[in-house]
Amino acid sequence: QVQLVESGGGLVQAGGSLRLSCAASRSIFTFIAMGWYRQAPGKQRELVATITRGDSTNYADSVKGRFAISRDNAKNTAFLQMNTLKPEDTAVYYCNARLFAADYWGQGTQVTVSS
């Protein structure tokens, strides 16, 4: 079993920055990949960014050049640095971890970007 706890969400003005953290209950070195997803009201959950065990990254087109995903194996934590935030980035952001064939999710953290 894996527990993931997100933090760092909040209210920010357009153009601002936030850094989300995802703390895992076990070593993240064993995870095949970790990722961030988001879900806005009335919309489906969508991929934001992923990072593999080998540190390969992948981003949604809408966040390329503005967001950066990283992981600190020593702290068992993944991060999402979000810069130049836009109102359309407003959503609940969820951390995901893949271990073997199982997916684990955090409870989510709200990000609200005001115009």
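The values are calculated or read from the model by the stated rules, or taken from the named source; none is laboratory data. These figures come from a predicted structure and were not determined experimentally. Glycine gets a Cβ as well: all are built from the backbone with ideal geometry, and neighbour counts include every protein chain shown. Each accessible area value is taken on the protein alone, full model and side chains, heavy atoms only, with ligands, DNA and RNA left out. Shrake-Rupley method; radii C 1.70, N 1.55, O 1.52, S 1.80 Å.
Under the condition of being part of a loop (DSSP other than H, G, I, E, B) and touching a Phe, Trp or Tyr at 6+ places or on another chain (Cβ under 9 Å), which residue from the stretch 44-65 is farthest from Ala97 (Cα to Cα)? So that I can check it myself, show each step before the final result.
Keep residues of the stretch 44-65 that are part of a loop (DSSP other than H, G, I, E, B), which gives 44-45, 53-56, 60, 64-65.
Filter once more, so that each one left must be touching a Phe, Trp or Tyr at 6+ places or on another chain (Cβ under 9 Å): 45, 53, 60, 65.
Numbers: Arg45: 15, Arg53: 11, Ala60: 17, Gly65: 23 Å.
That would be Gly65.
Residues in the stretch 29-45 include at least one that is at pLDDT 95 or above, charged (D, E, K, R) and open to solvent by less than 80 Å² (accessible area, probe 1.4 Å). Being in contact with a helix residue (DSSP H, G or I) (Cβ under 7 Å, 6 or more places away or on another chain), within 18 Å of Ser7 (Cβ to Cβ) and of a type outside the set (Asp, Glu), is that true of even one residue in the stretch 50-69? Scanning the stretch 50-69, I find no residue that is in contact with a helix residue (DSSP H, G or I) (Cβ under 7 Å, 6 or more places away or on another chain), within 18 Å of Ser7 (Cβ to Cβ) and of a type outside the set (Asp, Glu), so the answer is no. The one condition from (1) touching a Phe, Trp or Tyr at 6+ places or on another chain (Cβ under 7 Å); (2) more than 16 Å from Tyr104 (Cβ to Cβ); (3) open to solvent by less than 50 Å² (accessible area, probe 1.4 Å) that Glu6 does not meet is (2).
The set of residues in the stretch 83-112 that are buried (at least 20 other Cβ atoms within 10 Å of the Cβ), hydrophobic (A, V, I, L, M, F, W, C) and either touching an Asp or Glu at 6+ places or on another chain (Cβ under 7 Å) or within 14 Å of Ala40 (Cβ to Cβ) (or both) comprises Leu85, Ala91, Cys95, Val111. Could you list, in sequence order, the residues of the stretch 58-72 that are more than 22 Å from Thr112 (Cα to Cα) and loosely packed, with under 14 Cβ neighbours inside 10 Å? Matches in the stretch 58-72: Asp72 only.
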